[in-house]
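Reading through the structure tokens given below for one structure.
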């Protein structure tokens, strides 16, 4: 596999800069009791797995392949929309009906509340440190304080990898005389202005769940650089959101809203609603993740394109899709075997079909001229520039809610750049000091 070279290149640079050493365990979450085994039980086992629809298409196919290889294991799959899932996950994990395996979108308070197992023993038993570069596992290591990432116990295993960039409608762009993706922020803004002048919606957006934070983050980190941006996202002491790049980003998004570059009613449209509008021809550009590539590619066909956000160095928002094992599971060995299967060639092929960058990157062989060829090209560009940064929304347990509320206020004209930056940094400081 080419995974060591490829994924090491897109490693979240915060960890390289901070030179954190992974620990052998942590008191932050639940410690496993007794020995662990990589052998599956002979008797029939039922595992309950919960996730979100964005990961569902790939996961359902992966489950089928795992069950075919291990017929004694039955995995019952259930998904919930992203917003409700994140709000209810801790309650679900703490209940008598807790799932055995759960998608972990963010550490939040899940680890601190001891709701998921420390997977360090399984990582050692399966040799995950030889499968994934340390920085990819470090995303899911949590220190004893339960909030600082990059050190301590391992609480989730990667499945596939995401990146947020810019989709565009190639046919609409060509009509505007745009034959190549913008390579600078100035070129991108020029393209938005051309679209508006031509009567097109320049930038599709759904902000009911706070996804205006995506362009804010992308502009900010493209100007500030990936390393300092990542330090803030992962809670490094002394970091601040009050930077030149982030201030410029908030200024730009507010201006785009006032100029009519964004859709009216964006605050009332969720992400999938925006995807549907974009695939129906509403919008020349659309900032979103590769998890929607399959849907957008199917609907727009040859007119669907994707590129890394323009800047002097390519940056993207991204992380791994990752799964944790409940502290309450009665079948941790079987659950761990499924997590190990997530980096297999069979699983990697399904992840790539769904638009995710697979753990086994060697299976990523898209046809030339397709949307997925563009996604792989963007991934490679970000890889070369070491520009992948974790989601600002995951900087604290409550940051997603704060970014949702504050971006909605920004688009509605109820806050300005000073107010926005202060609100976000104050929220960060409540968890990280």
| Within the range 212-229, backbone nitrogen closer than 17 Å to the virtual label 7 Å beyond the Cα of residue 255 toward Cβ | 215-224
| query | Who wins for biggest fluctuation among 103, 49, 185 in a Gaussian network model of the chain, springs between alpha carbons below 10 Å? | reply | 185
| message | Given contacts defined as C-alpha pairs under 8 Å and at least six residues apart, what's the relative contact order of the chain, whole-number percent? | response | 27
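Summing -39500 (n - 2.57) over the DSSP H runs of n ≥ 4 in the chain and dividing by its residue number, what mean residue ellipticity at 222 nm do you reach, to the nearest 500 deg cm²/dmol?
Working: 19 runs with 192 residues, N = 433.
So the helix-based figure for the chain works out to -13000 deg cm²/dmol.
Please give the FRET efficiency for residue 198 paired with residue 144, using the beta carbon to beta carbon distance and R0 = 41 Å, rounded to the nearest 0.05. Mind showing how you got there, number by number?
Details: r = 56 Å, r/R0 = 1.36.
It comes to 0.15.
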| query | So how tilted is helix 53-69 from the main axis of the chain? Cα-based, degrees 0 to 90, rounded to 10. | reply | 30
| request: Please report the relative contact order for the range 285-363, taking Cα pairs under 8 Å with a sequence separation of at least 6, and give it as a percent rounded to a whole number. | output: 32
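Give me the number: length gained by fully extending residue 180 to residue 78, i.e. 0.36 nm times residue separation minus the C-alpha to C-alpha distance, one decimal in nm.
Values: separation 102, 0.36 × 102 = 36.72 nm, distance 4.10 nm.
My answer for the length gained is 32.6 nm.
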| message | Between the range 57-108 and the range 356-433, how far is it from one alpha carbon centroid to the other, in angstrom? | response | 23
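Pulled fully out, how much extra length does the chain show between residue 272 and residue 313, if you take 0.36 nm times their separation in residues and subtract their Cα-Cα distance?
On the way: separation 41, 0.36 × 41 = 14.76 nm, distance 2.92 nm.
Between residue 272 and residue 313, full extension yields an extra 11.8 nm.
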| request: Go ahead and run the numbers for FRET between residue 280 and residue 95, Cβ-Cβ distance against an R0 of 41 Å, rounding to 0.05. | output: 0.55
| task | Extending each Cα 7 Å along its Cβ direction at residue 39 and residue 365, get the distance between those two points in nm, one decimal. | result | 3.8
| note | Where a ≥ b ≥ c are root eigenvalues of the Cα gyration tensor, a/c under 1.5 meaning rounded, otherwise prolate if a/b exceeds b/c and oblate otherwise, the range 65-184 counts as prolate
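Assuming R0 = 41 Å, can you tell me the calculated FRET efficiency for the pair residue 330 and residue 430, based on Cβ-Cβ distance, to the nearest 0.05?
On the way: r = 37 Å, r/R0 = 0.89.
Efficiency, from the Cβ-Cβ distance: 0.65.
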| Cα shape, the range 30-124, gyration tensor, a/c 1.5 rule | oblate
| query | Taking the chain as a Gaussian network, where each spring joins two C-alpha atoms under 10 Å apart, which residue of 369, 150, 355 fluctuates the most? | reply | 369
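Starting from the Cα coordinates of the range 382-433, work out the convex hull volume and express it per residue in Å³.
102
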| Choice from 293, 354, 312 with maximal GNM fluctuation in the chain (Cα, 10 Å cutoff) | 312
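None of the figures in this text is laboratory data; all of them are computed from the coordinates on show. Predicted model, so just to flag it, every value in this text is computed and none were measured. Cβ atoms come from the backbone with ideal geometry, glycine included; neighbour counts cover every protein chain shown.
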